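Everything on this sheet refers to the single structure shown next.
The values are calculated or read from the model by the stated rules, or taken from the named source; none is laboratory data. In this text the structure is predicted, and so the values were computed from the model without any measurement. All Cβ positions, even for glycine, are placed from backbone atoms using ideal geometry, and neighbour counts span all protein chains on display. Protein only, heavy atoms only, side chains kept; ligands, DNA and RNA dropped before computing areas. Shrake-Rupley method; radii C 1.70, N 1.55, O 1.52, S 1.80 Å.
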Amino acid sequence: MEVTHPAAKVLVELSQIQDREVGDGTTSVVILAAELLKRANELVKNKVHATTIMSGYRLALKESINFIQKNLAIKTDTLGREALINAAKTSMSSKLLYGEADFFANMVVDAMQNVKMVNASGQVKYPVKNVHILKTHGKSSKETVLVNGYAIEATRSSQGMPKVMKNAKIACVDFNLNKFRLQMGVQVLVQDPDNLDKIRQREMDICKERCEKVIKAGANVVLCSRGIDDFALKYFVEAGVIAVRRVKKGDLRRIAQNSGAKIVVSLADMEGEETFNPEDLGACDLVEERKVGDWEYMFFEGMQTARASTILVRGANEFFLDEVERSIHDSLCVIKRVLESNSLVAGGGAVEVSLSVFLDDFARTLGSREQLAIAEFSEALLVIPKTLSMNAAKDATDLISKLRVFHNHAQKATADETEKKDYKYCGLDLVNGKVRNNLKAGVLEPAMSKVKSLKFATEAAITILRIDDMIKLVNPQQ
C-alpha cells in the first residue's frame, strides 16, 4: 500500500518492526497504538499538555513491562512440548490455517527443534531462516510435509546424471562453468590461421581443466549459481556427478553453511595457478531429485554441520499458498521467541486486562499530572480484548467487566489464596463466549511478543503526539 500521510506511515512501519522483531502480533500493535493516540487526543482537547501525556505513557510502559516479567510470565521449560504446540496454535488461530492448527502446530514445532544450534558464545539459537518453505500447487493443505533436510527448486542440468547420490561431497561454485572466453575489449592479433584454431582449442581446454579440477577434488555434487553450458556438462555426466545450475544465491549460501562447504568464487590461488581445494567441499548423507506435484526439487538430507528443515506446502492456488506461508512463518517466529526467551504468557486478553487493572490502581497512587495519562493508558489496553470479543460477535462490555473482576481478585489475593492467584491467567473463551483460565486451556503467547508490542505501540504513539501540525505543500503545477 502506498501511504503518504506521515502518521499513517508511522503505523505501517510499526507493524513492519513488530514483524521483524517478533514475527507475530502485527495487528495487535497497530490497534493498540491507534487507541493510545485516540485517548491522548482526548486528553489534549481537555487541556492536558502533550509532554505530560508522553511522560505518563512512558511511566505506564515501564510499570507494565515490570509487571509482565514479575507476575505474568511463565517459564516454558516447566510446561514442556505441549506449551510450544499451544503457542503455535494460538498464533494460527487468527489466520487461515485455523482449521488445521493441530496438524501444522506439530509440524512447526518439529521444524524449529530440528534447527537448534549453539553459536560461538554458547547461546542456543533457533534460526528461522534454516526452515525453508517451498510452495507447490495441487493437493490439499493437509498433504504438506516436513522434510528433515534442505530442498531447493532446481533439477539436474542433464538427464544423463544420477538422480540419487549417497555420501555426497558438495562443491558450491559462484562462477560460470562455460566455454572460456577472453574478457571484453581484449584483442588478439593473429598472423597465422593455425594459431586461431589453437586459441579456440585452448579456450575449450581451460573449461575442461576447470571441470576436472572440481571432479578430482572429490566433488560428486556441483551447485553453481551461474550457468553451466553443454560443453562443461559433458564432463560432469561422464564422471557421474550431479551438477545443478542457476541455484539461487541465498540457497547456495545456506547449503554451504549447513554442509560445511565454502563458496568458491574463483579457482585462482596465490601462485597464479588454478586449483580446487578439497577442504572447500561440504558433506551430506543424501542428495536426491524428487518430483513433488508438477515440479522437481533437489533434496539435501543429513548435512554435517547444522540441521535444516524444509516444509513443502501444498495447496490449491498461489494466493492460498502465500497465505499459508505467512501463517507458518508467523508460527515459526513465535516458537523461536518462546524457545529463546523461555517465557510465555496466557493469551486471549489475559495480559491486557491484568495490566489495565494494575495500572488503574497504580495511577491512583500518583499525585502528579501523569495520573490522567496512565489511567487512559490502562483503558486503552482494553481495546485488544474488546476487539477479540467483537470479532467473535460476543458482548464485549459484559465479558470485559467479568474479566476485570477476576483480575482484580487475583491482584488483591493474599499469599495463601493460591486459587485466587491463578485468576491472573483468566482470558476470553471466544467459542463459548465465556471467561476461562487460558493457561489451562492452552492459549499461550510469547511474553516477548507482548513486551515488544507495548514498547513499539507506546513509542509510535509518542512519536505522533510530538507532531503539532501537518503542513501540506500543494504542487503548484496542478
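Looking at N167, N176 in this structure, which one is of a type outside the set (S, T, Y), under 18 Å from A268 (Cα atoms) and more than 27 Å from the chain's Cα centre (by Cα)? Break it down into steps so the answer makes sense when it comes.
Numbers: N167 fails: under 18 Å from A268 (Cα atoms).
Every option except N176 fails the conditions.
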Within region 119-141, does at least one residue satisfy the condition of being touching a residue at least 60 places away in the same chain (Cβ under 8 Å), polar (S, T, N, Q), open to solvent by 30 Å² or more (accessible area, probe 1.4 Å) and within 25 Å of E325 (Cα to Cα)?
yes
Is there a residue being among the small types (G, A, S) and over 19 Å from T310 (Cβ atoms) anywhere in region 100-116?
yes
What are the pairs, 6+ residues apart or on separate chains, where a residue within region 261-289 that is more than 20 Å from V147 (Cα to Cα) and free of Cβ contacts under 8 Å to residues at least 24 places away in the same chain has its Cβ under 7 Å from a residue that is acidic (D, E) and open to solvent by less than 70 Å² (accessible area, probe 1.4 Å)?
A268/E274
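Let's see how each residue does on (1) in contact with a helix residue (DSSP H, G or I) (Cβ under 9 Å, 6 or more places away or on another chain); (2) within 24 Å of T27 (Cβ to Cβ); (3) not hydroxyl-bearing (S, T, Y):
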| site | (1), (2), (3) |
| --- | --- |
| A380 | yes, yes, yes |
| V383 | yes, yes, yes |
| T387 | yes, yes, no |
| D398 | yes, yes, yes |
| R404 | yes, yes, yes |
| K420 | yes, no, yes |
| K424 | yes, no, yes |
| N432 | no, yes, yes |
Report every pair of residues separated by at least 6 positions or lying on different chains whose Cβ atoms are under 6 Å apart, first residue within region 383-404 and without any contact (Cβ under 8 Å) to a residue 60 or more places away in the chain, second surrounded by fewer than 15 Cβ atoms within 10 Å (Cβ to Cβ).
K394/G433; A396/M390
Counting only residues that are open to solvent by 10 Å² or more (accessible area, probe 1.4 Å), in contact (Cβ under 8 Å) with a residue 40 or more places away in the chain and among the aliphatic types (A, V, I, L, M), how many does region 205-232 have?
1
Checking the condition of a type in the set (D, E, K, R) and in contact with a Leu (Cβ under 6 Å, 6 or more places away or on another chain), which residue from E296, E301 passes?
E301
Could you list, in sequence order, the residues of region 433-451 that are under 23 Å from A105 (Cα atoms) and either surrounded by fewer than 22 Cβ atoms within 10 Å (Cβ to Cβ) or of a type in the set (A, V, I, L, M, F, W, C) (or both)?
R436, N437, L439, K440, A441, G442, V443, L444, A447, M448
Quick one: which residue in A316, A393, A346 is small (G, A, S) and open to solvent by less than 50 Å² (accessible area, probe 1.4 Å)?
A346
Quick one: which strands (runs of 3 or more DSSP E) lie wholly within region 127-190 and hold at least 1 residues that are of a type in the set (S, T, N, Q) and at negative phi?
131-137
Pairs with Cβ under 9 Å, 6+ apart, first in region 105-116 and free of Cβ contacts under 8 Å to residues at least 60 places away in the same chain, second open to solvent by 10 Å² or more (accessible area, probe 1.4 Å) and among the β-branched types (V, I, T)
N106/I85
